[in-house]
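Below you'll find the structure, written out as structure tokens, and then a few comments.
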Amino acid sequence: MTRQRSLFTAAAAVAASTIVLVGCSSGAGGGGDGAAVELDYWVWDANQQPGYEECVAAFTEANPGISVKTTQYGWDDYWSTLTAGLVSGDGPDVFVNHLSYYPGLAAKGQLLAIDDAVEAEDVDLAIYREGLAELWVGQDDKRYGLPKDYDTVAVFANSEMLESAGVTKEQLDAAEWNPEDGGTWEQIIASLTVDTNGVHGNEPGFDKDSIAVYGLGLNASGGGNGQTEWSQYAFSNDWTHTDENPWGEEFNYGDPEFVETIGWFQSLAEKGYMPTFQIASSGIGQIDAYGAGKYAMVTEGSWNTRAYVGLEGVTTAIAPVPAGPNGERASMFNGLADSVAATTAHPEEAKQLAVFLASKECQDITAAKGIAFPAVESSADISREAFADAGIDTAPFEVPIEEGSTYLAPVAENWAELQAIMGPAMDAILSLQADASTLVEANEQVNDLFR
């Protein structure tokens, strides 16, 4: 989101929709001649946008002197457009932010701290799931967001393809992997892979160069984050992104545990069980490819559950990620928040909006949509009920939390610069154009950013 939220389908890769919610009086002031204050609010997740918009409507109803224009960009365009806007002054007043990106924006003076608004609104930080609120306090001890949700990763699998390959849900739930032979997880992936002659990946005569169905899909290369692509494997092989998190300054992409993990992950593409990066990025997103029957399984974030379960003609089973060499079914644990741009002409009102969007009132609204897991603990039951009413079992996403095997998304400065190194490095590896051993050199370049 990588929430790396790269869930996002190709249809959401451009500014997809804009809604303007306008108040009818000038209670907040700021425009002269009775004009309302207008705030621009940017989001990236089309799936969560309806919930965000209901929250904005509740906010403008309570603050009739403020109007809010909400604009959605897909993940790939979001950060480039935001970066340019924050420099030019044409960006939003308030925007959805990511744990890996906010430190760099704060260090460049592009965010406003919201401590004064948090104090003015008497926000009780204890309402949030443990550990989330602290992550949005920068190294300068200033707060740049309040948590609005959290997420983990699980496996989505085509139930009919599982049955056809003779794989039971129980076997999928109990899957384990290792970097030597891939374990039962790779066996399952192989059995689900089918070439254009109908031969499965675990059968004689399988043609790895002519694939009809890949056993495991690929969203992207994962860059330096790998949230839904490879992080679960690396974590369960006793690896972490940095020496400490948050605020690590020594990255571990060159560690033997990581190199062997990515080497194994690359081998899935070499064997024809998983698409290469070129195939995965050829214009059809992971969700659409899965829906079209091109992928039998994917590893994906909880925020995309509705997108997969709602696909026409596909029955989807959800399972925990496979256990690794250390016995853990590990997952990245991530959360979002709304931040205020330093370029806003209305800092007071913008901070009000950011704080409201993290409130229990707003999170009760978004939880009822059954899209993401709310950061406010008391809103969790609403979310569970919404998912249950839709016939969706979200228990696999909770497994890493219950088992204590979650790992934070990396929180560090220089993330954009890091991605400029790790993005091409991982692209090349998963394009089968470079060996995993090249990660040692890439890691040296990354760590030079912090010296």
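What follows draws every value from the coordinates through simple rules; no lab data is involved. Because the structure is a prediction, the values reported are computed rather than measured. Cβ: placed from backbone, ideal geometry, glycine included. Neighbour counts: every protein chain shown.
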Handout entry: Rg(Cα)/(2.2 N^0.38 Å) for the chain, N = residue count
Key = 0.98
Exercise for the section: Report ³J(HN,Hα) in whole Hz for each residue of the stretch 409-423, in order, from the Karplus equation J = 6.51 cos²θ - 1.76 cosθ + 1.60 where θ = phi - 60°; Gly and Pro get x. Expected result: 4, x, 10, 7, 6, 6, 5, 4, 5, 4, 5, 5, 8, 6, x
Completion exercise
Sorted by chain and then number, the residues having a modelled amide H within less than 5 Å of the amide H of L39, at least 5 places away or on another chain, are S67, V68, K69
Handout entry: Residue order, fewest to most beta carbons within 10 Å, for F333, F206, F95
Key = F206, F333, F95
Problem - Leading residue at positive end of dipole, the chain (Cβ point charges), from L336, S88, G301 - result: S88
Fill in the blank from the handout: Diffing the stretch 287-297: the Karplus 3J(HN,Hα) column from phi (6.51, -1.76, 1.60, θ = phi - 60°), in whole Hz with x for Gly and Pro, holds 4, 5, 5, 5, x, 7, x, 7, 10, 7, 9
Problem - Rounded D (µm²/s) - the stretch 376-451, Kirkwood Rh over Cα pairs, Stokes-Einstein at 4 °C, 1.567 mPa s - result: 80
Problem - Fraction of beta bridges assigned by DSSP in the chain that are antiparallel (%, nearest 5) - result: 70
Practice task
Figure the gain on full extension for A174 and S282 (residue separation times 0.36 nm, minus the Cα-Cα span) and round it to one decimal in nm.
Solution key: 35.6 nm
Practice task
Please get the size of the charge dipole for the chain, origin at its Cα centre, with Cβ charges of +1 on Lys and Arg and -1 on Asp and Glu, quoted in debye to the nearest 20.
Solution key: 940
Completion exercise
Here, GluC sites (Glu not before Pro) of the stretch 296-366 satisfying both criteria (DSSP loop; at most 16 other Cβ within 10 Å) are E312
Completion exercise
Extension length gain for E444 and N245 (0.36 nm per residue less Cα distance), in nm, is 69.8 nm
Practice task
Taking H placed 1.01 Å from N in the peptide plane, check which residues at least 5 places from D238 or on another chain put their amide H under 5 Å from its amide H.
Solution key: N326
Handout entry: Amide H within-cut-off set for L111, under 5 Å, with H built and near neighbours excluded
Key = A342
Handout entry: the stretch 232-241 - phi-based ³J(HN,Hα) in whole Hz, Karplus 6.51/-1.76/1.60, Gly and Pro as x
Key = 5, 6, 5, 4, 7, 10, 6, 10, 9, 4
Fill in the blank from the handout: Pseudo-spin-label distance D141 to E203, built 7 Å along Cα→Cβ, given in nm, is 6.7
Problem - Ranked packing of 63-75, 387-399, most packed first, by mean Cβ within 10 Å - result: 63-75, 387-399
